[in-house]
Amino acid sequence: MTDDIRHRYHSAQTIARNAGALALSYFQNFDSLTIESKSHQDFVSEADKNVEISVRAAISAAFPDDAIVGEEDAPTKGSSGFTWVIDPIDGTTNFIHGIPQWCVAIAIVQSAQTVAGVIHDPVHHECYHAMRGQGAYCNEKPIHTLQGRTLQNGSLGVGFSGRTRTSNNVITLIDLIARKGGVFWRNGSGALSLAYVASGKLLGYVEEHMNAWDCIAGQLLIAEAGGRVETQNADEMIENGGRVVVATADIFDEVQALADQAYGVSG
C-alpha cells in the first residue's frame, strides 16, 4: 500500500498548493468577502466554501473511491480505505481581517492512522508536508523540531476555541506557563502553529479541543520531525475531535503535565 499512499501524498501537495492559490486570490480582496457567523468567534467566508469545493472536486477526480471529511460540508463516503480530512482555510478570523496567518490543511487517514499530511501557507510560500516514516519537509527542505531547549528558552503555542466549555482552563494553562518562566504564543491558526513546532519555530503546542481537520496533518509533521505527540486514534479524532498536546522530545513530558493540570488528565 506504500505506493498508494505515496501517490496520494504527492497529489495532496499539488491540491493544497492549488487551493492555496485560490484562497490567496480571495485574501488579496479580504475586505469585500461575504462572511457568515457559525457560532461565537467562529466565522466562515465565501472563500472557505469555494476553496473546499475545489479541493473536494480535485480529490474526487483523482481518487473517486476515497472518503472525504471537511470543515464546511458533509462527509462523503468511500470504499478504498482512505479518508481525506481537509480544512480549506484554517485561521479564518485572521483571513477575513487581512492578517497573513492562515493555511490550507490536508491529511490522509488509513486504518485509523494519519499516513500523510500537508499544511500549505501560500502567503509565505511555505508548504509543510510529511508521509509516515519518511520525514517532514518545508517545500523540499527537511525540517526538525528544536533540540536542547527548555520551556524557558522558546515559545509554547497555546490554542483557544469558542467551542470549549470555559475560558478558565486556558487561563490556568497560561498562568502555569508563566510561572514556569515560559512564554505563550497564539496566532489564531492551530494548523499553522503545529507546522511551526515541526519546523523548529515553536517548542510545542497545546489546545483543549481541536477538530481533526485542524490538527492531524500537523501532528504527523511533528512526529516525523522528531517531536512527540499525545497518542490518538485518527478515526476517533475525525468523529469527535480531542485535546492536542505536542512538543519537542526534550520537554514533552513537562508540557503534557501542564496540560493535565490545566485541562484534566487526558483519557
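Some points to look at:
- In segment 133-267, one over the average inverse separation of all distinct C-alpha pairs is 14.6 Å, which is the Kirkwood hydrodynamic radius.
- Taking 252, 160, 63 in turn, the Gaussian network model of the chain (Cα-Cα springs below 10 Å) assigns the largest fluctuation to 63.
- Rounded to the nearest 10 degrees, the angle from helix 212-224 to the longest Cα principal axis of the chain is 70 degrees.
- Segment 66-182 shape via C-alpha gyration tensor axes, a/c threshold 1.5: prolate
- Note on segment 2-142: the alpha carbon radius of gyration divided by the globular reference 2.2 N^0.38 Å gives 1.03.
- Taken about its Cα centre, segment 155-263 carries a charge dipole of roughly 420 debye when the Cβ of each Lys and Arg holds +1 and the Cβ of each Asp and Glu holds -1.
- Over segment 2-142, relative contact order from alpha-carbon pairs under 8 Å, at least 6 apart, %: 22 percent
- Under-5 Å amide H pairs with residue 185, H placed in peptide plane, nonlocal only: 156, 157, 158
- Put simply, the amide H of residue 210, placed in the peptide plane, has neighbours under 5 Å in 242, 243, 244, leaving out anything fewer than 5 places away on its chain.
- Between segment 44-72 and segment 114-174, the alpha-carbon centres lie 23 Å apart.
- Local electrostatic count at residue 120 - Lys and Arg +1, Asp and Glu -1, tallied over other residues with Cβ under 13 Å: -3
- Angle in degrees between helix 168-179 and the longest Cα principal axis of the chain, rounded to the nearest 10: 60 degrees
- Which of 124, 110, 2, positive extreme of dipole for segment 2-142 (C-beta unit charges): 2
- Between helix 46-62 and the chain: long-axis angle, C-alpha atoms, 0 to 90°, nearest 10: 60 degrees
- q = 0.07, 0.09, 0.17 Å⁻¹, the chain: log10 I(q)/I(0) [Debye, one scatterer per Cα]: -0.22, -0.36, -1.35
- Remark on residue 146: its backbone amide H falls under 5 Å from those of 200, a criterion applied only to residues 5 or more positions apart or on other chains, H modelled at 1.01 Å from N.
- Lysine pair count for the chain (Cα-Cα distance under 21 Å; residues 8 or more apart in sequence or on different chains): 4.
- Charge dipole magnitude, Cβ of K and R +1, D and E -1 - the chain, Cα centre, debye nearest 20: 520 debye
Only the coordinates and a few stated rules stand behind these numbers; no lab work does. Because the structure is a prediction, the values reported are computed rather than measured. For neighbour counting, all protein chains shown are included, and Cβ atoms are generated from backbone atoms with ideal geometry for every residue, glycine included.
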